[in-house]
Amino acid sequence: MPAKSRTFSCLRHAALALLLCSTVLPAAAGTDPHAAHPPGPAPGSNPLVRDRFTADPAPLVVGDRLYLYVGHDEARDGEMFNMRQWLAYSTGDMEHWTYHGPVMQATDFKWAKGDAWASQVIGKDGRYWFYTAVEHDDTHPGKAIGVAVSDSPTGPFVDARGSALVTNQMTPKGEHSWEDIDPTVFTDDDGSTWIAWGNRHCYIARLKPHMIELDGPITEITPPHFEEGPWLHKRGDTYYLTYASLDRSTHTDERISYATASSIQGPWTYRGELTGSGKNSFTIHPGIAEFKGQWYIFLHNAALTIGDQEGALGRRAVTVEYLQYNDDGTLKPVVQTEEGVSVPPPR
């Protein structure tokens, strides 16, 4: 379906509640007519999207606007995952969000069977490059990474090369077919662009300047307890690799951990856990961006209920929290809250 912008701000819920509260209605004896219409969620509180299930958040800052790309969870009872498309939202203030609709379907990659798993969009040379994981057809069984491109951050995105950038056969160390997922893309100060990805094993490779081919070997950089969902960013002279971690000896659900380095190629120093598990969720997925002088980390949990559908493994909800740094460049622990960024950052 074509992308069509419409505003879905949480403020609408509060405005609707206020309107209902101010309307003269007959009240039952002994009841407060205002009690039936409590205020809606504050703008910027968690989860950010409340009318559909979303997961795997990936922020991108373009000028004075932050764009957020998410997978659309549509699993019904008995399904693990059902993800067919990627959605886009944007904001100018981290409170009020505009919905831009689907920006791409998994099967827009003609070589893919489906599974619109985690993605990231990056801007370079005036265009927007969309890297994502899908299920390849039977010519290259398993998960694969594709790249699409658009002249606009809201798409539509189209396959940029007509074939997968990374296939399961290119990383034979893995023991399962979903090793090549969750790409993160980062352009360094020298203009070189790098892609990292993986499940159980974390890989990194340089991209050629035209953004649709690898430029050199694939290198493994797996940090402790790495499970999936890597995210690369840089602050000052320090590189950060943040990821979904799972210590299988003690944890049942993923958490977020991170490592740092003085070079994009490492070596990486493990810095420990950044935050705990998402509520009711086995998976968690970080996306990090600086926007208007403030750093943010986007995550997901499974705490949202829509109609008769409760949160579950395949019905997640995107959240956001402030990300803060210590004087030595390490990250302060992140506490996941319902208030999110509707309140000032912690001191």
Can you pull out every residue in the range 161-173 that is surrounded by fewer than 20 Cβ atoms within 10 Å (Cβ to Cβ), assigned to a loop (DSSP other than H, G, I, E, B) and either touching a residue at least 40 places away in the same chain (Cβ under 8 Å) or of a type in the set (Gly, Ala, Ser) (or both)? 161, 162, 163, 171, 173
Restricting the search to the range 310-332, which residues are in contact with a His (Cβ under 9 Å, 6 or more places away or on another chain), assigned to a strand (DSSP E or B) and of a type outside the set (Gly, Ala, Ser)? 318, 319
Give the residues of the range 94-124 that are acidic (Asp, Glu) and in contact with a strand residue (DSSP E or B) (Cβ under 9 Å, 6 or more places away or on another chain), sorted by residue number. 108, 115
Residue within the range 288-309 that is farther than 24 Å from residue 342 by Cα and assigned to a loop (DSSP other than H, G, I, E, B) present: yes
Just wondering, is there one or more residues in the range 145-154 that are open to solvent by less than 10 Å² (accessible area, probe 1.4 Å), over 17 Å from residue 111 (Cα atoms), in a loop (DSSP other than H, G, I, E, B) and not small (Gly, Ala, Ser)? no
Of all residues in the range 174-222 being of a type in the set (Phe, Trp, Tyr) and in contact (Cβ under 8 Å) with a residue 60 or more places away in the chain, the one that is least open to solvent (accessible area, probe 1.4 Å): 197
Which ones in the range 251-285 are closer than 21 Å to residue 119 by Cβ, in contact with a Pro (Cβ under 8 Å, 6 or more places away or on another chain) and either among the acidic types (Asp, Glu) or assigned to a loop (DSSP other than H, G, I, E, B) (or both)? 285
Any chance you could count how many residues in the range 132-144 are hydrophobic (A, V, I, L, M, F, W, C) and either closer than 14 Å to residue 105 by Cα or open to solvent by 10 Å² or more (accessible area, probe 1.4 Å) (or both)? 2
Count of residues meeting criterion [in contact (Cβ under 8 Å) with a residue 40 or more places away in the chain and more than 15 Å from the chain's Cα centre (by Cα)] in the range 296-324: 7
Close pairs from the range 241-261: first more than 18 Å from residue 328 (Cβ to Cβ) and open to solvent by less than 10 Å² (accessible area, probe 1.4 Å), partner basic (Lys, Arg) and modelled with pLDDT of 95 or more, Cβ under 8 Å, at least 6 apart: 244/255; 245/255
Could you check, for the range 238-256, whether at least one of its residues is touching a Gly at 6+ places or on another chain (Cβ under 6 Å) and closer than 20 Å to residue 129 by Cα? no
In the range 304-317, residues that are open to solvent by less than 50 Å² (accessible area, probe 1.4 Å) and touching a Ser or Thr at 6+ places or on another chain (Cβ under 8 Å) total 3
Selection over the range 77-117 where residues are small (Gly, Ala, Ser), closer than 15 Å to residue 54 by Cα and not in a loop (DSSP other than H, G, I, E, B) yields a count of 3
Within the range 68-102, can you find the residues that are over 23 Å from residue 123 (Cα atoms) and within 17 Å of the chain's Cα centre (by Cα)? 73, 74, 81, 82, 83, 84
Filter result (among the aromatic types (Phe, Trp, Tyr) and touching a Leu at 6+ places or on another chain (Cβ under 7 Å)) within the range 241-282: 258, 268, 282
Scope the range 280-294; condition open to solvent by 10 Å² or more (accessible area, probe 1.4 Å), without any contact (Cβ under 8 Å) to a residue 60 or more places away in the chain and under 16 Å from the mean Cα position of the chain (by Cα); matching residues: 282
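The values are calculated or read from the model by the stated rules, or taken from the named source; none is laboratory data. This one's a predicted model, so the numbers in the text were calculated from it and none came from an experiment. Counting neighbours? That spans all protein chains shown, and the Cβs are built from the backbone with ideal geometry, glycine included. Surface areas here come from the heavy atoms of the whole protein model, side chains and all, with no ligands, DNA or RNA. Shrake-Rupley method; radii C 1.70, N 1.55, O 1.52, S 1.80 Å.
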